[in-house]
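**Q** What follows is a structure written as structure tokens; I'll ask about it next.
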Amino acid sequence: MADRVTVIGWDGSPLTAAARSALGAATLVAGAAHHLALPEIPPAAERVRLGSVALAARRIAAHRGTAVVLADGDPGFFGVVRTLRAPEFGLEVEVAPAVSSVAAAFARAGMPWDDAQVVVAHPRTLRRAVNVCRAHTKVAVLTAPGAGPAELGLLLEGVHRTFVICEELGTDREQVTVVTSDKAADHSWRDPNVVIVIGGPMGAAEGGGWFAGRDPGAGPRGWVQPDETYGGGLGEGETELLRAAQLARLGPRTGDLVWDIGCGGGAFAAEAARAGAAVIAVDHDPGACARTEGAARRYGVQLHVVRGTAPHVLENLPEPDVVRVGGGGAAVVSAVADRRPQRIVTHAATRDAAELVGRDLTEHGYRVECALLQSVELDTRAWTETERNVAFLLSGVLPDRAP
């Protein structure tokens, strides 16, 4: 095992005295090509090109001597430190950080970033990173080959965002470009790059907040809000308790894309967005679309409202993670199941209708649950019944997809 492992962050500025000292004593140096060209590296040191961090960690673990790993920016922020410290390698490391590429990107843009979300996009996580960009007003995306500005722009089709693209930060080839998301695919971008994605009303608290990223305490308490807060535009399938049960079954979260089909008054769509998910709300009624946009404004969340009739309008929508079917019946549920989301939730007014939907979901490979929900509103002054609602709640979970 290496006698000593030092991880040095590099942001293009001159190395500190401590970093130069560690590098001068190194018998093995790992880094990218531009790191291995630094003049401070001892000529006799073994040089390891840092492609796979895990492979480099194995080389370091087997090395007898002093090892240095060079990385861009802050190596403890979505960087190599996590892999090097994994128990399988048994490495103890010292870290000399530099300014993170995210901090540098926002500095170049002249913007604060304590209210930004930060995500990593590579081919495996690109879709989830895009969903965060749909759901939030300020996002920094650490990109990778095959998951860069062009791919982000293509997957954000129909959602207007502004991109601040920072290429090769800290080098003499550094460049900062501002484009709209629909133009990002028209250019070739140099790696490495960071993309700041901005869109929608910022809504930051005056004088700054207290929490990095989206404030979890913003807005009223509760997963769902009372029906009357939506201005009387809710239908029979949008009652407060039914919405609570639907949200509990679907569990929308940051990185998810939620379809709300038959969005009605927009209550479910707004509340799913408050949970941090990206939401596409669909309805054929222009009034419902307008009410949903109003609900999004009321609670300061991002929504993409699509006017059209399901199931036909669903064909060109991006792949969902979880879906609420608020209208359209068995035919729409079947079309949704063809797209294989992780979870589907809907409701039915009768047992026959519930059985029809349940059988179709089962045939699509979903594990189906059904519950008869009954809510009774009472006037607590006289403890008399004022309203009664009954619905069959159906949910389907696809066992072969991650929860």
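**Q** Within the range 215-241, which residues are among the hydrophobic types (A, V, I, L, M, F, W, C) and in contact with a strand residue (DSSP E or B) (Cβ under 6 Å, 6 or more places away or on another chain)?
**A** Within the range 215-241, just Leu241 meets the criteria.
**Q** Another question, if that's okay. For Phe77, all conditions in the list (1) under 15 Å from Leu28 (Cβ atoms); (2) touching a Ser or Thr at 6+ places or on another chain (Cβ under 9 Å); (3) assigned to a loop (DSSP other than H, G, I, E, B) hold save one; what is the number of the exception?
**A** With respect to (1) under 15 Å from Leu28 (Cβ atoms); (2) touching a Ser or Thr at 6+ places or on another chain (Cβ under 9 Å); (3) assigned to a loop (DSSP other than H, G, I, E, B), Phe77 is out only on (1).
**Q** Ok, one more. Identify, from the list Arg388, Arg340, Arg367, the residue that is of a type outside the set (Ser, Thr, Tyr), under 22 Å from Ala248 (Cα atoms), surrounded by fewer than 16 Cβ atoms within 10 Å (Cβ to Cβ) and touching a His at 6+ places or on another chain (Cβ under 9 Å).
**A** Of Arg388, Arg340, Arg367, the one residue that is of a type outside the set (Ser, Thr, Tyr), under 22 Å from Ala248 (Cα atoms), surrounded by fewer than 16 Cβ atoms within 10 Å (Cβ to Cβ) and touching a His at 6+ places or on another chain (Cβ under 9 Å) is Arg340.
**Q** Filter the range 128-183 for residues that are under 23 Å from Gly9 (Cα atoms) and open to solvent by 40 Å² or more (accessible area, probe 1.4 Å); which is farthest from the chain's Cα centre (by Cα)?
**A** Ranking the candidates gives Asp172 first.
**Q** Which numbered condition in (1) among the acidic types (Asp, Glu); (2) over 26 Å from Asp400 (Cβ atoms); (3) in contact (Cβ under 8 Å) with a residue 40 or more places away in the chain is the only one that Asp352 fails?
**A** The one condition Asp352 does not meet is (3).
**Q** Now a separate question. Counting only residues that are out of contact with any Gly (no Cβ under 7 Å at 6 or more places or on another chain), surrounded by 19 or more Cβ atoms within 10 Å (Cβ to Cβ) and not β-branched (Val, Ile, Thr), how many does the range 90-102 have?
**A** Qualifying residue count for the region: 1.
**Q** Six or more apart or on different chains, Cβ atoms under 8 Å: show the pairs whose first residue is in the range 252-263 and open to solvent by less than 10 Å² (accessible area, probe 1.4 Å) and aromatic (Phe, Trp, Tyr) and whose second is at pLDDT 95 or above and not in a strand (DSSP E or B).
**A** Here the result reads Trp259/Leu314; Trp259/Leu317; Trp259/Pro320; Trp259/Val336; Trp259/Pro341, each pair linking the range 252-263 to a residue that is at pLDDT 95 or above and not in a strand (DSSP E or B).
**Q** Starting from the range 330-345, keep only residues that are on the phi < 0 side of the Ramachandran plot and modelled with pLDDT of 95 or more, then list their pairs with residues that are of a type in the set (Gly, Ala, Ser) and assigned to a loop (DSSP other than H, G, I, E, B) whose Cβ atoms are within a distance under 8 Å, requiring at least 6 positions of separation or different chains.
**A** Val332/Gly262; Val332/Ala310; Ala335/Ala310; Gln342/Ala402; Arg343/Gly251
**Q** Please note which helices (runs of 4 or more DSSP H) are completely contained in the range 86-198 and include at least 1 residues that are over 28 Å from Ala269 (Cβ atoms).
**A** 101-109, 149-155
**Q** Tell me which residues, restricted to the range 221-235, are in a loop (DSSP other than H, G, I, E, B) and either at pLDDT below 85 or open to solvent by 50 Å² or more (accessible area, probe 1.4 Å) (or both).
**A** Residues satisfying the conditions are Arg221, Gly222, Trp223, Gly231, Gly232, Gly233, Leu234, Gly235.
**Q** In this structure, is Pro318 touching a strand residue (DSSP E or B) at 6+ places or on another chain (Cβ under 9 Å), more than 30 Å from Leu378 (Cα to Cα) and either surrounded by 24 or more Cβ atoms within 10 Å (Cβ to Cβ) or among the basic types (Lys, Arg) (or both)?
**A** no
**Q** Scan the range 35-48 and tell me whether some residue there is farther than 24 Å from Asn193 by Cβ, β-branched (Val, Ile, Thr), open to solvent by 20 Å² or more (accessible area, probe 1.4 Å) and assigned to a loop (DSSP other than H, G, I, E, B).
**A** No, the range 35-48 has no match at all.
**Q** Among the candidates Arg64, Arg20, which residue alone is over 32 Å from the mean Cα position of the chain (by Cα), in a loop (DSSP other than H, G, I, E, B) and touching a residue at least 12 places away in the same chain (Cβ under 8 Å)?
**A** Testing whether each residue is over 32 Å from the mean Cα position of the chain (by Cα), in a loop (DSSP other than H, G, I, E, B) and touching a residue at least 12 places away in the same chain (Cβ under 8 Å) leaves just Arg64.
**Q** Tally time: how many residues in the range 1-34 are of a type in the set (Ser, Thr, Tyr) and either surrounded by 15 or more Cβ atoms within 10 Å (Cβ to Cβ) or over 22 Å from Ser100 (Cβ atoms) (or both)?
**A** Residues meeting the conditions: 3.
The values are calculated or read from the model by the stated rules, or taken from the named source; none is laboratory data. Only a predicted model underlies this, so the values are computations on that prediction, with no experimental measurement involved. Positions of Cβ are generated from backbone atoms using ideal geometry, with glycine treated the same way; all protein chains shown enter the neighbour counts. What goes into the accessible areas is simple: the full protein's heavy atoms, side chains included, and nothing from ligands, DNA or RNA. Shrake-Rupley method; radii C 1.70, N 1.55, O 1.52, S 1.80 Å.
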